[in-house]
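Trainee: Below is the structure I would like to discuss, written out as structure tokens.
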Amino acid sequence: MLKFIGWRFGRALLTVFAVLVAVFLAARLTGNPLDVMYPDGLPPDQEQRLLVQYGLDKTVPEQFVNYVRDLFQGNFGISLREKRPVADMYAEDIGATLKLAGCSFLLSVIFGIPMGMIGALKRRTGAGRLVMSVAFLGYAVPHFIIALSLILIFGFYLHWLPSTGNATIWHYILPTITLAAHRFASIARHTRSSLLDVLSQDFMRTARAKGLEERVVIFKHAMRNSLIPVVTILGLQIAGLINGSIIVETVFSWPGIGRLFVGAVMKRDFPVLQFGVICFAAIVVLVNFMVDILYVIIDPRIRTEA
Amino acid sequence: MRNIHKPSIQTEGVCTPEIEDVSVGPPNLPPGASVEKNNFFDRFRAAPFSIQLCILLMLLMALTAVFAPYVAPFDPNQTSMLERNDPPSWMGGQSGHLLGTDQLGRDVLSRCIYSLRVSVGIALLGVIIGCMIGVVAGILSGLLGGWTDRAIMMIVDFQLSVPFMLIVLVGIAVFGTSIMVLILLVGTAHWETYARLTRGQVLTVREYQFVEAAVALGATNWRIAKRHILPNIASPIIVLLTLNFPSILLLESSLSFLGIGVQPPTASLGRMVGEGRDYMMSAWWLVISPASFIVLLTLCIQLIGDWLRDVIDVRLT
């Protein structure tokens, strides 16, 4: 077990390192950051001074070493546009994103798993088909169209809910539903197929033959086994949540890091992008690492050899 | 070794029907491969009505996209200041535009038709690029093994662990927003699905006797890949292509919607939705029309993909 954890941890570190290298190379490909900061050009002596100040006169490998050292010292760079530390900018906005993503994640799990169960247990009835059709729609319709439809209906026509910002609790409803739609659909679909797999197993027949109540058969024997693959899917949802929050935050003017990120792409503010990618990647890698370990704890049958 | 028909099983003079069946069957076929030839029309007729409808709709959309200049009633970029935000003609619009006009007086239907061309074109090229990268990487990984395999699988892990939207956004920030860059970037989406599929298939096929025989006869890796591996992965690849297509289409339209995908004056479905958003209160048709095209396209292809997966019966991880 310890060996397994160590091995997985090593791979996680390696991935984060690969992200660091990739981001660094991408940053060098954008050319001279001074051109972005001072679009009108600089006198040669000032330019030379700034090159030395930012360490841009060194060779690329030397720059990489400095860059990694700066990261470890907590020095994540200065925004080219706003001229302040990018870490501060992210620190201001991450709360809003975490709240939105957390609510959506909870909502999608709370609805997704029971919906998937209905889809599997009542698959030949209208209810089962309806549930899976809704899940299918949630899966195939893009975030921004769901968002705009909700804004049109509940914001413009009915005037029930606000559609921009995050001032009150009412502001959470539309973005949370939008962001949860995809995740809900994917959780429901996976729960359904995994439960269907389990339902056709021999031990289900045995459980029924023993005369157990249907409730016990479903919840104790079927659900427990079918949730194992779903747990892995939950880990992968995090990457999906981040993808989605970039769109959803922009549509709903949500003051989170997704919107910050899109803004940085448009302004070509590379230090902001760089920090964002490293943060997001680290979060995803960390979550997947924890899911892997959780997986082994839930299901002792999985061999812990790498 | 799978020596099913050993003569030693046979008893003197008697041959049980099961053994005869085995010896008649094609030797060494991989599981799931079928001998009978199914042509497209047989499958189409056997499909449920909803799938037939989807396929017909897709054909219609494809034809519309290809023949856009002949189908579109107006020039998509022709502006007309007098006919700005005119509602669809069947809703009281004065200028006779079937789906109304946009904020610059351009015909929405014509713009949708041209956008269809751009969006579908980008998604199609993107899917093909991704498929080629993935298949080549999978074959290299499976056939060469060792360090090549490990390196490629590490890149696959990398791709899986970084949210793909971030890679694309950084790519756009670095290379700018031209249509070529966009195609290449969306092309790198999902290549890892093909790579994993191909690699798995290579590892399976390599164990079959006919491949062993081919190696013994001096076949090169290239020949084995072409003659023995590609035919075996053709059908799951088609399923993957159909399933990945809508997600690439959505990626492009999301980017264009944010304003960092296809750039004006080129119209793309996502871009039209993004531009129409500002006028949504007064001119809802600017958003509804392109959005319906997007939803219809993705729903149909997704349904076809799900159906194909069940028919061809591939297990995709």
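Trainee: Answer yes if at least one residue in region A:49-70 is under 27 Å from residue A:236 (Cβ atoms) and in a helix (DSSP H, G or I), and no otherwise.
Mentor: Within region A:49-70 (the criterion being under 27 Å from residue A:236 (Cβ atoms) and in a helix (DSSP H, G or I)), the answer is no, since none of the residues qualifies.
Trainee: Continuing with the same structure: Output the qualifying pairs, or none if there are none: Cβ atoms under 6 angstrom, residues six or more apart or on different chains, first residue in region A:191-212 and free of Cβ contacts under 8 Å to residues at least 24 places away in the same chain, second residue surrounded by 12 or more Cβ atoms within 10 Å (Cβ to Cβ).
Mentor: Hits for this filter: A:207/A:217; A:207/A:221; A:208/A:217.
Trainee: Report, by residue number, each residue of region A:230-253 that is free of Cβ contacts under 8 Å to residues at least 60 places away in the same chain and away from every other protein chain (no Cβ under 11 Å).
Mentor: Passing the criteria: only A:233.
Trainee: Assess whether residue A:280 counts as being touching a helix residue (DSSP H, G or I) at 6+ places or on another chain (Cβ under 8 Å), within 11 Å of another protein chain (Cβ to nearest Cβ) and either under 20 Å from residue A:117 (Cβ atoms) or crowded, with 21+ Cβ neighbours inside 10 Å (or both).
Mentor: yes
Trainee: Can you tell me which residue in region A:254-268 is modelled with the lowest pLDDT, limited to those that are within 11 Å of chain B (Cβ to nearest Cβ) and surrounded by fewer than 24 Cβ atoms within 10 Å (Cβ to Cβ)?
Mentor: A:268
Trainee: Anything in region A:103-129 that is over 30 Å from residue A:169 (Cβ atoms), surrounded by fewer than 19 Cβ atoms within 10 Å (Cβ to Cβ) and not charged (D, E, K, R)? List them, or say none.
Mentor: A:121, A:125, A:126, A:127, A:128, listed by residue number.
Trainee: Do we have any residue at all in region B:175-182 that's within 14 Å of another protein chain (Cβ to nearest Cβ), out of contact with any helix residue (DSSP H, G or I) (no Cβ under 7 Å at 6 or more places or on another chain) and more than 21 Å from residue B:131 (Cα to Cα)?
Mentor: Scanning region B:175-182, I find at least one residue that is within 14 Å of another protein chain (Cβ to nearest Cβ), out of contact with any helix residue (DSSP H, G or I) (no Cβ under 7 Å at 6 or more places or on another chain) and more than 21 Å from residue B:131 (Cα to Cα), so the answer is yes.
Trainee: Moving on. Hey, which of the helices (runs of 4 or more DSSP H) in region B:217-317, taking only ones fully inside, have at least 3 residues that are within 14 Å of chain A (Cβ to nearest Cβ) and surrounded by fewer than 23 Cβ atoms within 10 Å (Cβ to Cβ)?
Mentor: Ranges flagged: B:230-258, B:285-312.
Trainee: Follow-up question, since we're still on this one. Sort through B:223, B:271 and tell me the only one that's closer than 30 Å to residue B:144 by Cβ, among the charged types (D, E, K, R) and more than 19 Å from the chain's Cα centre (by Cα).
Mentor: After applying the criteria, what remains is B:223.
Trainee: Name the helices (runs of 4 or more DSSP H) wholly within region B:134-212 that hold at least 2 residues that are modelled with pLDDT under 85 and out of contact with any Phe, Trp or Tyr (no Cβ under 6 Å at 6 or more places or on another chain)?
Mentor: In region B:134-212, the matching helices (runs of 4 or more DSSP H) lie at B:146-161, B:164-175, B:191-205.
Trainee: Could you check, for region B:45-64, whether at least one of its residues is exposed (fewer than 15 other Cβ atoms within 10 Å of the Cβ), among the hydrophobic types (A, V, I, L, M, F, W, C) and at pLDDT below 85?
Mentor: yes
Here's the yes/no breakdown for (1) more than 24 Å from the chain's Cα centre (by Cα); (2) farther than 20 Å from residue B:230 by Cβ; (3) among the hydrophobic types (A, V, I, L, M, F, W, C):
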site	(1), (2), (3)
B:172	no, yes, yes
B:178	no, yes, no
B:181	no, yes, yes
B:186	no, yes, yes
B:190	no, no, no
B:196	no, no, no
B:202	no, no, yes
B:207	yes, no, no
B:214	yes, no, yes
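Trainee: In this structure, is residue A:132 away from chain B (no Cβ under 14 Å), at pLDDT 80 or above and not in a loop (DSSP other than H, G, I, E, B)?
Mentor: no
Trainee: Within region A:256-267, is even one residue free of Cβ contacts under 8 Å to residues at least 60 places away in the same chain, farther than 17 Å from residue A:172 by Cα and of a type in the set (Val, Ile, Thr)?
Mentor: The answer is yes; a qualifying residue exists.
Trainee: Select from region B:172-201 the residues that are among the aromatic types (Phe, Trp, Tyr) and surrounded by 18 or more Cβ atoms within 10 Å (Cβ to Cβ) and list them in ascending order.
Mentor: Correct list: B:191, B:194.
Trainee: Same structure, new question: Just to be sure before I move on: is residue A:164 surrounded by fewer than 18 Cβ atoms within 10 Å (Cβ to Cβ), among the hydroxyl-bearing types (Ser, Thr, Tyr) and touching a residue at least 12 places away in the same chain (Cβ under 8 Å) in the structure I sent?
Mentor: yes
The values are calculated or read from the model by the stated rules, or taken from the named source; none is laboratory data. Just so it is clear, the model here is predicted, and its values are computed rather than measured. Every residue, glycine among them, receives a Cβ derived from its backbone with ideal geometry; neighbour counts consider all protein chains shown.
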